[in-house]
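Here's the structure, in structure tokens; my notes come after.
Derivation of every value follows stated rules applied to the coordinates shown; laboratory data play no part. Just so we're clear, the structure is a prediction, and the values are computed from it rather than from any experiment. No Cβ is skipped: glycine too gets one built from the backbone with ideal geometry, and neighbour counts run over all protein chains shown.
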């Protein structure tokens, strides 16, 4: 049940990010929205800890600001998986730095706010 709640929170956060960040878009079916949200949750669970361990010196050097880059890398991985020649889910981004970085920042902030409401 906790996984379903995380996917729903992530779906809401992703909706806010797609609405608020120019360059981040979604053109897939409604069911694909939840598949993309599930991919983000799974990538945060599997890939993000590996990225954080590998980039630990940079995280220390930047006093934690490099964690924003690892969040953007995870979102970029999901965008890459959502491409028409891979899973064809409909999540698109015009560029890594602005669209994906700001999208990851918005998703992270909204997820944190929604998680706080749950407790």
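The residue 105 and residue 2 beta-carbon pair, evaluated with R₀ = 22 Å, returns a calculated FRET efficiency of approximately 0.35.
A Gaussian network model of the chain, with springs between Cα atoms under 10 Å, assigns the largest mean-square fluctuation among 107, 74, 16 to 16. Stokes-Einstein diffusion of segment 69-119 at 10 °C, 1.306 mPa s viscosity, Kirkwood radius from Cα pairs, rounded to a whole number: 137 µm²/s.
Largest mean-square fluctuation among 82, 93, 27, in a Gaussian network model of the chain whose springs join Cα atoms under 10 Å apart, belongs to 27. For the chain, relative contact order (Cα pairs under 8 Å, six or more residues apart, normalised by length) works out to 38 percent.
Dividing the summed -39500 (n - 2.57) terms of all DSSP H runs of n ≥ 4 by the residue count of the chain sets its mean residue ellipticity at 222 nm at -23500 deg cm²/dmol. Pull out a ≥ b ≥ c, the square roots of the eigenvalues of the alpha-carbon gyration tensor of segment 11-107, then state rounded if a/c is under 1.5, prolate if not and a/b is larger than b/c, and oblate in the remaining case. Judged from the Cα gyration tensor, segment 11-107 comes out prolate (a/c at least 1.5, a/b above b/c).
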